[in-house]
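To start, the structure itself, in structure tokens.
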Amino acid sequence: MTIRSFIALSVPQEAADQLGDLAAKMSYQDKSGALRWVDQENYHVTLAFLGQQQQEDLEALAEKLDESLLQTEFSTSLAHISPFPEAKPKLMAALLDKTDDLSNLHRQVTSSINATGLVMDKRKFIPHITLARYRHSKNEFAGGVPANIDCSLMFDEVVLYESVLTSAGAEYEPIYRFPLDLLDYDQSYVSGD
């Protein structure tokens, strides 16, 4: 049995609510219907798209991720909202600041995928949250895009998702969750005090 899958950061509820409010305002301005808006419960930051994979291969990957993910919880900020990619936009996205923590986590994920021999999509990693997808029409989004958004996101788990395609769009089901625990060592024990 094959499973369409990807690895992503789940978006914290407070940030998802804030982005959902912004998307609702933009959707209201989208009089031409140029965009199909994503439900905020589907917001995520893709770290790697895996496509169709065998269930046993995903189980092996989950074991590797469980061993290899060393990144603790971290935060980053929303850089801006814009059509994405710039040349031929397919999405309206919230782009994130690419911090060292985010880059390190991405490397750990791709390293785990490579170690298990799975093939993944090789696109350049540009961290973003998809708010809407452009419809296959000539209509252009005529609404305003908010500038100067103050939104910080604290990420505390990586999720291996199944992507189920339906007539209403893709639905994402978590298969495995990997908490990015913030380890708190007892320094007196380590130093022998």
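We did not get these values from a lab; they are worked out from the coordinates using the rules stated. Values in this document were obtained by computation on a predicted structure and should not be read as measured data.
For the residues Arg36, Arg123, Arg135, a GNM of the chain with alpha-carbon springs under 10 Å puts the largest fluctuation on Arg123. Note on Lys90: lysines with a C-alpha under 25 Å away, same-chain residues under 8 apart excluded, are Lys25, Lys31, Lys98, Lys122, Lys124, Lys138.
Listed by chain and number, the aspartates and glutamates whose C-alpha is less than 15 Å from the C-alpha of Lys64, apart from same-chain residues fewer than 8 away, are Glu56.
Cα-based radius of gyration for segment 66-160, normalised by 2.2 N^0.38 Å, reads 1.27. To the nearest 10 degrees, how steep is helix 13-29 against the longest Cα principal axis of the chain, on a 0 to 90 scale? Helix 13-29 sits roughly 10 degrees off the main axis of the chain. Our note on the geometry: Cα centres of segment 9-32 and segment 106-148, 17 Å apart. May I ask for the angle, rounded to the nearest 10°, between helix 100-115 and the longest principal axis of the chain, with both axes built from Cα atoms and the value confined to 0 to 90°? Helix 100-115 sits at roughly 70 degrees to that axis.
Taken one residue at a time, the phi angles of segment 164-170 give Karplus couplings (6.51, -1.76, 1.60, θ = phi - 60°) of 9, 7, 10, 5, 8, x, 6 Hz. Gly and Pro are set to x. Kirkwood radius for segment 11-143, taken over all pairs of different Cα atoms as the inverse mean of 1/r, rounds to 16.5 Å. Estimated purely from DSSP H runs of n ≥ 4, each contributing -39500 (n - 2.57), the mean residue ellipticity at 222 nm for the chain is -8500 deg cm²/dmol once divided by its residues. In the chain, the longest principal axis of the Cα atoms and the axis of helix 55-68 are about 60 degrees apart.
Candidate cross-link partners of Lys88 among the aspartates and glutamates, defined by an alpha-carbon separation under 20 Å and a same-chain spacing of 8 or more, comprise Asp30, Asp121, Glu140.
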